[in-house]
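Note sheet for the following structure.
The values are calculated or read from the model by the stated rules, or taken from the named source; none is laboratory data. Everything numeric in this text was worked out from a predicted model, so none of it was measured. All Cβ positions, even for glycine, are placed from backbone atoms using ideal geometry, and neighbour counts span all protein chains on display. Just so you know, the surface numbers come from the protein's heavy atoms only, side chains and all, with ligands and any DNA or RNA stripped out. Shrake-Rupley method; radii C 1.70, N 1.55, O 1.52, S 1.80 Å.
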Amino acid sequence: MTVARPDEVRRFNRSSLLRLLHVGGPATRAALAAELGLNRSTIKMLVDALAESGLVEERVPRLARGAGRPSLLVLPQPEAAVVLAVDVQAEHVGMAMIGFGGQILGRNSWNLHGRQREPEEVVTHVAESAALLAADLSLHPSAAGISVPGVVRRTDGHVHTAPNLGWTEVAFGERMQAVLGVPVVIGNDAELGALAEYVRGVCRGAADTLFVSADIGVGGGLIVQGASLRGSAGYLGEIGHMTVRPGGRACYCGNEGCWETEVGEAALCRALGLPEHSPRGTIVAELRALQRDPEPPGLTAYLDWLVLGLVNAVNILGPERVVLGDLFTALPDDMVTRVEDRIRGRSMVSRALGGVRVEKSTLGTDLKLLGAAEAAFEDVLAGA
C-alpha cells in the first residue's frame, strides 16, 4: 500500500480548497472544513497560507446580523490568478480575461471575414489582442483556454478538422502556446460548453450532463461523474454526425442523413420557412415570435428529428440532464417541455432515471468563454 507524503497531502488539500472557492464562491472556514472533511486547524493553516500569498482575503460579511462576532468569509481574489479565454467561432472571435472565482475582468471581440479565418491570421490576431487586453488590465494570465468548433485532440490542441472555419490538420495548440507564452488548452466548443454548464450553469450539482448545441453544425459534450468524457485521443462530441435518416441529405462529413442535416441551422431555417443562410438574428426573432404566432408546419417535423436524436443520445449515454445551447436556446419554453415529455415517453433510460430533465442554457454568449476558462483553470488551481 502506497502512503501519501505530507507535502502531497498538503498540495491536495490546498488545490481542493482553491477549487471549492473558485466554484462555490465565498465561504466561512467552518463551511469549508465541513465540505472538505478537514479539521479546523488544517483549514486555518491552509487559509492563512492562501491569504499570505494573496489568493484569498478574509472579511466580515456586509450583512452580518445577530449577537456575537460574525464568522469571517474567505473570499477568492479574482486578480490573484487569471486565465485568458478565447472562443473561436465561424464568423466571430470572443476573448476575455477571467479571474479566480470566475469573474470576467475584461473582454474583446472581433468578426472574421475571408482570410481572417485562416489559422495564421487567427493566431496572430488572438496574440495581439491578448497582449493589448493584458496591458489594459495590467494583468498577466497564467494559462489560456481556447474553444474551437471542430474535432480537436485535447492532448496538444491539434485541430483535425474545423469545417466551418475551413481548417484541416492545424497544429493550433502548438502555435498558440508559442505566441502566448503560457500553457494553452484547446477544446471542442461543445465539450467546453458542457464544462461551463456543469461548473457555472444549470447543471451545477448534477452528476452527469449532456450538452447539445446547434450552431451552423450540431455538437455535443458529456460530463460523467463530474469529469469530461473525451474518448480516444480527445476526439469526441460529434453527435451531429450520427445517422438518423439513411439516404437523407448529404453532409459535409461525407455521410448522408446526419442528425445535423435535420436539426442544424440550415434545417431550422427551412422549418421556419426562411432562406437557409438567413442571419442569426432573423432566426432568433422568428422563434421568439412563436410565443404569439401559430407554429409553422415545418417545425413539427423539425421537432420530430430533434426528439429522435435526443432519444438516441439519452438511451446510449443515460445523462441526468440534457442542456440545449446556442440556437436551441431560442426555442419557446413550451417546445422544450414537449421535447422533454416525448423523450420520457420514448426512452426507457429516461423513464428508468425518473425522467431526464431537458433545459436551455442560461449562460448566453459567454458560455464557451467560461468553459474555456474552466479548462485552463484546472491545471492553474492544481499547481497554485
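Sorting His277, His22 by solvent-accessible area of protein heavy atoms yields His277, His22, largest first, with a 1.4 Å probe. Over the chain, what is the mean sequence separation of C-alpha contacts under 8 Å (at least six apart), divided by residue count, expressed as relative contact order in percent? Relative contact order here is 15 percent.
Tell me, in nm to one decimal, what length is gained between Val224 and Glu320 on full extension, where the rule is 0.36 nm per residue of separation less the Cα-Cα distance? Before the final figure, lay out each step's value.
Values: separation 96, 0.36 × 96 = 34.56 nm, distance 0.95 nm.
Answer, rounded to one decimal: 33.6 nm.
Computed about the Cα centre, the dipole magnitude for segment 186-241 is approximately 180 debye when only Lys and Arg (+1) and Asp and Glu (-1) carry charge, each at its Cβ. Once the Cα atoms are used to define both axes, helix 189-200 deviates from the longest principal axis of the chain by about 50 degrees. At a Förster distance of 45 Å, what's the computed FRET efficiency of Arg351 paired with Glu121, Cβ-Cβ distance as r, to 0.05? Once rounded, the FRET efficiency stands at 0.35. Model label points for Ser15 and Thr300, set 7 angstrom from Cα along the Cα-to-Cβ axis, are 5.5 nm apart. Think of a 1.4 Å ball rolled over the protein heavy atoms: segment 237-308 then has 50 Å² of accessible area per residue. Applying a DSSP loop filter and a limit of 12 other Cβ atoms within 10 Å to the chymotrypsin sites (Phe, Trp or Tyr not before Pro) in segment 282-348 leaves nothing. Nonpolar atom fraction for the chain, defined as the carbon and sulfur part of the 1.4 Å probe accessible area, stands at 51 percent.
First check a/c for segment 248-354, with a ≥ b ≥ c the square roots of the eigenvalues of its C-alpha gyration tensor; if it is under 1.5, answer rounded, and if not, answer prolate when a/b is larger than b/c or oblate otherwise. Don't skip to the end; give the middle numbers.
Numbers: a/c = 2.14, a/b = 1.31, b/c = 1.64.
Since a/c reaches 1.5 but b/c is at least a/b, the shape of segment 248-354 is classed as oblate.
Take the Cβ atoms of Asn164 and Arg292, set R0 to 45 Å, and the FRET efficiency comes out at 0.85.
Can you give the calculated 222 nm mean residue ellipticity of the chain, where each DSSP H run of n ≥ 4 adds -39,500 (n - 2.57) and the sum is split over every residue, rounded to the nearest 500 deg cm²/dmol? Let's see the in-between values first.
Working: 13 runs with 161 residues, N = 384.
Result for the chain: -13000 deg cm²/dmol, rounded to the nearest 500.
Within the chain, the longest segment free of exposed loop sites, counting trypsin sites (Lys or Arg not before Pro) that fall outside DSSP classes H, G, I, E and B and have at most 15 other Cβ atoms within 10 Å, spans 66-203.
Rounded to the nearest 20, the size of the Cβ-charge dipole of the chain about its Cα centre is 1380 debye, with Lys and Arg at +1 and Asp and Glu at -1. Placing dummy labels 7 Å off each Cα toward the beta-carbon, the span from Ala171 to Thr243 is 3.7 nm. Remark: segment 311-384 carries 41 Å² of accessible area per residue (probe radius 1.4 Å; ligands, DNA and RNA excluded). With the simple spin-label model, which puts each label point 7 Å out from Cα in the Cβ direction, the Asp379 to Thr362 separation comes to 3.3 nm.
In Å², what does the accessible area per residue of segment 54-207 work out to with a 1.4 Å probe? Can you show the working numbers first?
Details: 6850 Å² over 154 residues.
With the other protein chains kept in place, segment 54-207 gives 45 Å² per residue.
Given the options Met95, Met176, Met335, state which has the largest fluctuation in a GNM of the chain using a 10 Å cut-off (strictly under) for Cα springs. Highest fluctuation among the options: Met335. Which residue fluctuates most in the GNM of the chain (Cα springs below 10 Å): Glu295, Glu265, Glu191? So, out of Glu295, Glu265, Glu191, the one fluctuating most is Glu295.
What FRET efficiency comes out for the pair Leu132/Asp156, r = Cβ-Cβ distance, R0 = 35 Å, nearest 0.05? It would help to have the intermediate numbers written out before the result.
Working: r = 27 Å, r/R0 = 0.77.
Efficiency, rounded to the nearest 0.05: 0.85.
Nearest 5 percent is fine: what portion of the DSSP beta bridges confined to the chain is antiparallel?
On the way: 36 of 56 bridges.
Roughly 65 percent of the DSSP beta bridges within the chain come out antiparallel.
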